[in-house]
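Following: one structure in structure tokens, then a few remarks.
The values are calculated or read from the model by the stated rules, or taken from the named source; none is laboratory data. None of these values were measured; they are calculated from a predicted model. When we count neighbours, we look across all protein chains shown, and the Cβ atoms used for this are built from the backbone with ideal geometry, even at glycine. These area figures cover heavy atoms from the full protein model, side chains too; ligands, DNA and RNA do not enter into them. Shrake-Rupley method; radii C 1.70, N 1.55, O 1.52, S 1.80 Å.
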Amino acid sequence: MNNLWKVGDLARMTGLTVRTLRFYDQIGLFSPSGQTDSGHRLYDESDLSRLHQILTLKELGLSLEEIKETLSAKQISPLEMVTLQKQRIKEQISRQQKLLEQLEHASKLLIGKKGLTVDDFTGLLQAMKMEFEKPVLERRASWEQHLDKLGSLLEQGGDEP
């Protein structure tokens with residue numbers, strides 16, 4: 001049995017607004033697979049997969065236009081999307097773990113009534129800085145690489161009659 005959802009149902013399931021889903025449809029980014037006899041949008045499981053891809057690319061910093069181009073070129077598969085998300089989460093966990101270790105060390109020193117050294121403070125500040133800066137730099141480098149591939153793919157497609 002194929003599940004079908006109206007726009008309101010899909011909004012509730014995904015946490016997006018009906019307005020967002022309608023906007024995505026309006027700009028040609030995410031259109032429903034069907035509609036009811038009365039004209040209500042109907043989404044199926046393949047639409048959910050596409051929405052996942054859209055939200056993943058958006059989360060990774062692409063503009064809606066870049067997302068549209070990437071998906072229409074079919075350069076990134078759903079498996080690659082999930083793999084990118086997994087890598088990103090693992091990196092976040094690693095950075096969080098390092099920050100937690102620095103905070104644990106500082107906490108132990110403070111509980112023991114010992115002062116924090118300059119090295120303790122700088123280590124903590126570096127861990128905090130990495131927590132905020134590294135994801136941005138990594139995403140930029142990763143997506144520059146993906147967009148270069150997309151640009152090459154689009155150039156190849158432009159050469160065909």
Next item on the list: Select from segment 104-116 the residues that are part of a helix (DSSP H, G or I) and open to solvent by 80 Å² or more (accessible area, probe 1.4 Å) and write down the one among them that is farthest from Lys129 (Cα to Cα).
Entry: Ile111
Next item on the list: Run Asp47 past the list (1) open to solvent by 30 Å² or more (accessible area, probe 1.4 Å); (2) within 20 Å of the chain's Cα centre (by Cα); (3) not polar (S, T, N, Q) and report the number of the one that doesn't hold.
Entry: (1)
Checklist line | Which listed residue, of Gly39, Gly61, Gly28, is at pLDDT 90 or above, in a loop (DSSP other than H, G, I, E, B) and either at positive phi or in contact with a Leu (Cβ under 6 Å, 6 or more places away or on another chain) (or both) | finding: Gly28
Next item on the list: Residues being loosely packed, with under 12 Cβ neighbours inside 10 Å and farther than 17 Å from Lys129 by Cα: count how many of those fall in segment 74-103.
Entry: 6
Item checked: Yes/no for Glu80 being at pLDDT below 75 and not hydrophobic (A, V, I, L, M, F, W, C) -> no
